[in-house]
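Below: one structure, written as structure tokens.
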Amino acid sequence: MRAAAVGLTALLALSAPARADRQQDPELRAVLEHALATTRCDGHDDRFGSEVFFKLHEPRMRQVVRAPTERIDILRSVYCESNAVVARYRRERGIELRMTPELVLAVIDVESRFNRYAVSSAGAVGLMQVMPFWPHRLGMDNRLFGSVDFNIRIGCEILGYYMDAEHNDYRKALARYNGSVGRRDYPDLVLTRLADRWRG
């Protein structure tokens, strides 16, 4: 009985909707400031690629995001922002990040279950569970809570930073994003969700 209870507790911990790291890396602020000043979604979105992405993933999101316009907003932002981050690293640093829109969907699925109003016990907010101190540190209005575009934009930049820092090692980058360095439960959960639900 006790083993079953422990197993249930562990399972609930793995499926908890709000998972975020402390996002306190010293270099991260400068990276975000530069990215927000230079990265724009416009021009990174190819029509054919985005149509395939939408047609593949929009039906999969219907169970968790009921409003059609909200589904489209999330998919558009995920596709544009993840590709914009990858394009910027390629252009500025000659680095090819292995950060796909599908990986970002898996992160959002695990972090917030696509609830843009999600708040974690650590205070992280929104779809990608971004720490709420970032708008103040970046000298911007607080648009993280309840937003789609801004939350996904900041989240993609943070994930891209960790992917770069960990040389495209998914598990290490995801563990840093989540603040669970040295543990495999969160990275394995995201990668399983990617393979089972969001793989292109």
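The values are calculated or read from the model by the stated rules, or taken from the named source; none is laboratory data. Small disclaimer: the values here were computed from a predicted structure and weren't measured. Here Cβ is always computed from backbone atoms with ideal geometry, including for glycine, and neighbour counts include all displayed protein chains.
Here is a list: Asp21, Asp45. Which entry is modelled with pLDDT under 85, closer than 19 Å to Glu111 by Cα and touching a helix residue (DSSP H, G or I) at 6+ places or on another chain (Cβ under 6 Å)?
Working: Asp45 fails: closer than 19 Å to Glu111 by Cα.
Within the list Asp21, Asp45, the selection yields Asp21.
A search for C-beta distances below 6 Å between a residue of the stretch 86-104 that is on the phi < 0 side of the Ramachandran plot and surrounded by fewer than 12 Cβ atoms within 10 Å (Cβ to Cβ) and any residue that is acidic (Asp, Glu) and assigned to a helix (DSSP H, G or I), counting only pairs 6+ apart in sequence or on different chains, returns nothing. The number of residues in the stretch 120-142 that are at pLDDT below 90, assigned to a loop (DSSP other than H, G, I, E, B) and under 12 Å from the mean Cα position of the chain (by Cα) comes to 0.
Applying a threshold of 7 Å to beta carbon distances and a minimum spacing of six or more residues, or different chains, the list of pairs starting in the stretch 155-184 at a residue that is over 18 Å from Tyr89 (Cα atoms) and ending at one that is among the hydrophobic types (A, V, I, L, M, F, W, C) and outside any helix (DSSP H, G or I) reads Ala175/Val181; Asn178/Ala20; Gly179/Ala20. Within the stretch 47-103, being of a type in the set (Asp, Glu) and not in a helix (DSSP H, G or I) holds for one residue alone: Glu96.
Looking at the stretch 114-130 only, could you name the residues that are surrounded by fewer than 21 Cβ atoms within 10 Å (Cβ to Cβ), farther than 23 Å from Arg66 by Cα and in contact (Cβ under 8 Å) with a residue 60 or more places away in the chain? Give the derivation first.
Taking the stretch 114-130 as the starting set, the residues that turn out to be surrounded by fewer than 21 Cβ atoms within 10 Å (Cβ to Cβ) are 114-115, 117, 119-123.
After this cut, where a residue has to be farther than 23 Å from Arg66 by Cα as well, the list is 121-123.
If the condition is that a residue be surrounded by fewer than 21 Cβ atoms within 10 Å (Cβ to Cβ), farther than 23 Å from Arg66 by Cα and in contact (Cβ under 8 Å) with a residue 60 or more places away in the chain, then Ser121, Ala122 are the ones that fit.
Residue check: Leu12 meets all listed conditions (1) of a type outside the set (Gly, Ala, Ser); (2) part of a helix (DSSP H, G or I); (3) farther than 24 Å from Leu191 by Cα; (4) modelled with pLDDT under 65 but one, namely (3). Which residue pairs have Cβ atoms under 8 Å apart, sit 6 or more places apart or on different chains, and have a first residue in the stretch 45-59 that is closer than 12 Å to Leu75 by Cα and touching a residue at least 40 places away in the same chain (Cβ under 8 Å) and a second that is surrounded by 15 or more Cβ atoms within 10 Å (Cβ to Cβ) and of a type in the set (Phe, Trp, Tyr)? Final answer for the pair search is Phe53/Tyr79; His57/Trp198. Applying the set (1) out of contact with any Phe, Trp or Tyr (no Cβ under 8 Å at 6 or more places or on another chain); (2) under 17 Å from Val190 (Cβ atoms); (3) modelled with pLDDT of 90 or more to Arg91 leaves exactly one unmet item: (2). Checked against (1) in a helix (DSSP H, G or I); (2) of a type in the set (Phe, Trp, Tyr); (3) at pLDDT below 85, Phe145 meets all criteria but (1).
Scanning the stretch 100-127 for residues that are out of contact with any Leu (no Cβ under 6 Å at 6 or more places or on another chain) and among the small types (Gly, Ala, Ser), which turns out farthest from Arg153 (Cα to Cα)? Only one residue tops the list, namely Ser121. Taken together, the residues in the stretch 159-185 that are crowded, with 22+ Cβ neighbours inside 10 Å, hydroxyl-bearing (Ser, Thr, Tyr) and either under 16 Å from Leu105 (Cβ atoms) or out of contact with any helix residue (DSSP H, G or I) (no Cβ under 7 Å at 6 or more places or on another chain) (or both) amount to 1.
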